[in-house]
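Report on the structure given below.
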Amino acid sequence: MAKWFNVGKLVNTHGIRGEVRVVSRTDFPEERYQKGNRLYLFLENHTEPMEVIVESRRVHKSFDLLTFKGFNNVNDVEKFKGAIIKVPEDQLGDLEEGEYYFHEIIGCKVLLQESMEEIGTVKEVLTPGANDVWVVKPKKGKEIYIPYIDSVVKKVDIAEKTIIIEPLEGLF
């Protein structure tokens, strides 16, 4: 049984030439959506995922616009609206040291370096710009936003599901 990973959601069509609008949920959209890559659409009311091959990708506002091989018309892709786009685990590929998949980081406990006090659990990863931001849900109080930079994140242990940080002044 293949393990599937969510890499995006197909939210709408774009124009009349079969382009679709995707809200990306992947750490590496330029690699994940490159021409020739296989993606799998999980559609409501379908038991099996539908395999598509990326024909093109461009970025428009905050969306990835994709076309799929053999689907050149808006009428061909209309039925894909709302599909969740996934890839099988064997397509994840190897990461460089210090790179992690969202599913590895989400759910990790965040500890302070000096006291090893637990401050909360990562519930979301944001990709606003130069570096990712990890959203931590504390036991009580407001969410904490941790920039994924070397000066803050000191150790990530995926096996133990723990992250050790040294917060910047004023982070809390």
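Can you find a residue that is assigned to a strand (DSSP E or B) and either closer than 17 Å to S24 by Cβ or not assigned by TED's automatic domain parsing to the domain that holds G8 (or both) anywhere in the range 91-109?
Step one: list which residues in the range 91-109 are assigned to a strand (DSSP E or B), which gives 109.
Then drop every residue that is not either closer than 17 Å to S24 by Cβ or not assigned by TED's automatic domain parsing to the domain that holds G8 (or both), which leaves 109.
Scanning the range 91-109 turns up at least one residue that is assigned to a strand (DSSP E or B) and either closer than 17 Å to S24 by Cβ or not assigned by TED's automatic domain parsing to the domain that holds G8 (or both).
So, of the residues in the range 110-139 that are under 15 Å from T26 (Cα atoms) and touching a helix residue (DSSP H, G or I) at 6+ places or on another chain (Cβ under 7 Å), which turns out to be modelled with the highest pLDDT?
Residues of the range 110-139 that are under 15 Å from T26 (Cα atoms), as a first pass: 124-129, 131-134.
Retained after the next criterion (residues that are touching a helix residue (DSSP H, G or I) at 6+ places or on another chain (Cβ under 7 Å)): 125, 134.
Numbers: V125: 86, W134: 90.
Looking at residues that are under 15 Å from T26 (Cα atoms) and touching a helix residue (DSSP H, G or I) at 6+ places or on another chain (Cβ under 7 Å), I get W134.
How many residues are of a type in the set (D, E, K, R) and loosely packed, with under 13 Cβ neighbours inside 10 Å if we restrict to the range 55-68? Lay out the reasoning, then the answer.
Step one: filter the range 55-68 for residues of a type in the set (D, E, K, R), giving 55, 57-58, 61, 64.
Imposing the further condition that a residue be loosely packed, with under 13 Cβ neighbours inside 10 Å reduces the set to 58, 61.
Looking only at that region, the number is 2.
Is the range 77-97 home to any residue that is at pLDDT 85 or above and closer than 30 Å to K139 by Cα?
No, because not a single residue in the range 77-97 is at pLDDT 85 or above and closer than 30 Å to K139 by Cα.
Please list, ordered by first then second residue, the pairs with beta carbon atoms under 8 Å, 6 or more apart or interchain, first in the range 64-87 and outside any helix (DSSP H, G or I), second acidic (D, E) and surrounded by 21 or more Cβ atoms within 10 Å (Cβ to Cβ).
Qualifying pairs under 8 Å: L65/E19; L66/E19; T67/E19.
If I filter the range 103-113 for residues that are under 20 Å from the mean Cα position of the chain (by Cα), of a type outside the set (S, T, N, Q) and closer than 22 Å to R21 by Cα, do I get at least one hit?
Scanning the range 103-113, I find no residue that is under 20 Å from the mean Cα position of the chain (by Cα), of a type outside the set (S, T, N, Q) and closer than 22 Å to R21 by Cα, so the answer is no.
Can you pull out the residues in the range 1-25 that are surrounded by 18 or more Cβ atoms within 10 Å (Cβ to Cβ), out of contact with any Gly (no Cβ under 6 Å at 6 or more places or on another chain) and part of a loop (DSSP other than H, G, I, E, B)?
Once the filter is applied, which keeps residues that are surrounded by 18 or more Cβ atoms within 10 Å (Cβ to Cβ), out of contact with any Gly (no Cβ under 6 Å at 6 or more places or on another chain) and part of a loop (DSSP other than H, G, I, E, B), the range 1-25 yields only G18.
The values are calculated or read from the model by the stated rules, or taken from the named source; none is laboratory data. From a predicted model like this one, the values you see are computed outputs, not experimental measurements. Positions of Cβ are generated from backbone atoms using ideal geometry, with glycine treated the same way; all protein chains shown enter the neighbour counts.
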